[in-house]
1. Which condition does residue A:68 not pass, out of (1) within 12 Å of ligand 1 (Cβ to nearest atom); (2) without any contact (Cβ under 8 Å) to a residue 24 or more places away in the chain, if it passes all the others?
2. Of the numbered conditions (1) under 17 Å from the mean Cα position of the chain (by Cα); (2) surrounded by 21 or more Cβ atoms within 10 Å (Cβ to Cβ); (3) within 15 Å of residue A:211 (Cβ to Cβ), residue A:23 satisfies every one except a single condition; which is it?
3. Taking residue A:32 as the residue in question, decide whether it is more than 16 Å from ligand 2 (Cβ to nearest atom) and at pLDDT 85 or above.
4. Check whether at least one residue in region B:312-321 is touching a strand residue (DSSP E or B) at 6+ places or on another chain (Cβ under 8 Å) and surrounded by 18 or more Cβ atoms within 10 Å (Cβ to Cβ), and report yes or no.
5. Which of the following residues is modelled with pLDDT under 90, touching a helix residue (DSSP H, G or I) at 6+ places or on another chain (Cβ under 7 Å) and not in a strand (DSSP E or B): A:74, A:69, A:91?
6. Kindly indicate which of A:44, A:7 is part of a helix (DSSP H, G or I) and either touching a strand residue (DSSP E or B) at 6+ places or on another chain (Cβ under 6 Å) or within 16 Å of ligand 1 (Cβ to nearest atom) (or both).
7. For region B:249-272, give me each residue that is outside any helix (DSSP H, G or I) and surrounded by fewer than 13 Cβ atoms within 10 Å (Cβ to Cβ).
8. For region A:180-191, indicate whether the set of residues that are crowded, with 21+ Cβ neighbours inside 10 Å, within 16 Å of ligand 2 (Cβ to nearest atom), in a strand (DSSP E or B) and modelled with pLDDT of 90 or more is non-empty.
Ligand SMILES: Nc1ncnc2c1ncn2[C@@H]1O[C@H](COP(=O)(O)OP(=O)(O)OP(=O)(O)O)[C@@H](O)[C@H]1O
Ligand SMILES: [Mg+2]
């Protein structure tokens with residue numbers, strides 16, 4: 001990520017949500033992004049996750065430049081390389097946990113039996129094997145977020161992104177989800193997580209702090 | 001592959017919103033049912049008119065006297081009436097090779113009575129060939145013969161309406177009836193003809209000579225029925241009949257004192273008129289199908305708005321534009337196909353019922369057409385909402401509450 005800028009609005013109403021950020025995340029890193037509300041964390045995250053495109057600057061995932069991709073190609077990048085975990089869970093209502101987890105694999109063209117197997121594996125990994133037929137509204141917040149983690153897991157992404165994944169959870173569920181992320185990291189996955197909480201950031205190997213759309217500090221845990 | 005997955009996703013969405021799906025389906029159902037039923041109704045009307053015209057004899061020509069009028073002014077005051085000799089002349093196989101037979105008819109209103117009942121009807125004095133010319137078999141008894149005509153026997157073949165009226169409980173064969181006081185013996189009952197126009201079963205048929213002798217006296221006849229050799233030669237037979245009668249009456253196109261009705265051309269005219277009628281009915285149905293289609297657009301748009309967040313999630317985890325587009329298009333198409341099937345079921349059910357004496361006849365083309373059109377409607381009216389859904393930007397869609 002080099003010299004990324006994101007501008008919302010025009011003229012008087014112009015907001016530079018992200019203002020010239022350069023950032024490189026190595027494979028296998030566990031990075032926490034912190035900063036005050038409105039500092040541009042989510043905006044950066046959306047660009048990293050190929051959900052949004054920067055106004056200027058270049059961004060590459062695994063050497064692929066995202067800037068010149070069209071809508072469908074961005075979908076493909078999200079589908080193949082990125083697992084997203086949202087603060088608001090973002091499961092699809094009225095569809096069972098298993099189907100929710102299967103969904104990204106379906107878009108990838110994985111056979112039905114195969115993706116069912118992988119979905120159940122992923123649900124087992126987050127400890128929800130017995131809830132695979134439940135719909136999101138039949139699950140607690142913590143369980144829903146674990147389903148969302150399972151969905152990201154099943155995709156086997158090279159990059160796992162989490163925007164305040166524990167923002168809507170109690171301390172017990174927070175611990176569950178963070179433990180899962182630790183496990184995933186231990187398996188060699190790259191994780192970028194946004195958080196307001198210091199104890200969440202403590203688990204990461206690197207903490208990037210943003211302020212007004214700029215990087216304020218970038219600290220390796222080893223240096224703390 | 002992507003097709004099947006998109007179909008499955010669309011199907012899940014349909015099931016997830018059952019009530020809305022059913023309501024959408026209802027619009028298409030009513031439209032399809034309307035098209036099929038209305039066309040079937042038009043076809044039924046057409047069938048009934050066709051069969052009643054055909055029951056009169058499809059190769060029948062009917063010659064009647066006609067006072068030629070020009071702008072209300074009588075051109076030829078000394079009009080010659082049709083005569084028995086005219087009928088004899090039409091039976092000339094050399095001059096009229098395409099005429100299979102011609103029989104004079106002398107009709108008059110009479111009141112006929114049995115022992116205890118009375119019935120006002122029409123008596124037809126004619127030749128025995130009348131029955132074959134008019135395609136009128138007897139359902140019981142026999143026709144009268146040439147010998148009966150020669151000897152002016154007072155025997156009669158009665159129409160089924162007369163038979164029911166005069167002999168409701170008993171067998172009319174061999175019984176006596178009196179028409180205007182003249183006794184006739186019933187020798188046959190004409191098979192029921194039915195028809196949409198004047199009731200052809202309310203008639204008493206007797207030898208011409210007997211009717212002339214005892215009821216009407218001699219003179220001009222009311223009409224001559226002429227049978228063409230086949231239904232393909234009715235036009236030729238008509239020309240030959242006109243030529244012969246023109247010569248006998250000394251008339252031409254403008255002064256002609258008779259008129260020839262051609263059942264075949266009457267049938268053509270009726271069919272054309274009924275075809276327009278059926279097409280109009282179909283158009284009314286098509287409009288309701290169109291309204292159903294707009295209903296699909298409407299509901300799909302609501303659905304897209306309501307599911308904006310879901311679409312955002314799907315895109316965030318990698319659904320392509322194409323997939324979303326396909327899913328929504330298939331959703332609309334499946335809904336309209338279900339509507340079409342339900343509509344077909346409803347139409348087939350309603351088509352069992354006879355309405356205003358017309359039994360609807362379902363036209364296969366209208367069934368196939370309604371299906372094809374409803375798929376087209378699904379694709380057409382589903383495409384705008386589907387495009388809207390497909391082009392939603394994922395972050396904006398995700399922010400949507
Ligand atoms: N769609 C948008 N249109 C206009 N301005 C926006 C939009 N999205 C974000 N912004 C602005 O960009 C800036 C950064 O927003 P962002 O959501 O990245 O903050 P954040 O660090 O994630 O905050 P929080 O901790 O509250 O989630 C804010 O000032 C915000 O008002
Ligand atoms: Mg945020």
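The values are calculated or read from the model by the stated rules, or taken from the named source; none is laboratory data. Just so we're clear, the structure is a prediction, and the values are computed from it rather than from any experiment. As a convention, Cβ positions derive from the backbone with ideal geometry for all residues, glycine included, and neighbour counts pool all protein chains shown.
1. It is condition (1) that residue A:68 fails.
2. Result: residue A:23 fails condition (2) only.
3. Details: more than 16 Å from ligand 2 (Cβ to nearest atom): no; at pLDDT 85 or above: yes.
In short, no.
4. Here is the first cut: in region B:312-321, the ones touching a strand residue (DSSP E or B) at 6+ places or on another chain (Cβ under 8 Å) are B:316-317.
Those left that are additionally surrounded by 18 or more Cβ atoms within 10 Å (Cβ to Cβ): B:316-317.
Yes: one or more hits.
5. Details: A:74 fails: touching a helix residue (DSSP H, G or I) at 6+ places or on another chain (Cβ under 7 Å); A:91 fails: modelled with pLDDT under 90.
The conditions single out A:69.
6. Working: A:7 fails: part of a helix (DSSP H, G or I).
Answer to the selection: A:44.
7. Here is the first cut: in region B:249-272, the ones outside any helix (DSSP H, G or I) are B:250-262.
Answer for region B:249-272, where residues must be outside any helix (DSSP H, G or I) and surrounded by fewer than 13 Cβ atoms within 10 Å (Cβ to Cβ): B:250, B:252, B:253, B:254.
8. Within region A:180-191 (the criterion being crowded, with 21+ Cβ neighbours inside 10 Å, within 16 Å of ligand 2 (Cβ to nearest atom), in a strand (DSSP E or B) and modelled with pLDDT of 90 or more), the answer is no, since none of the residues qualifies.
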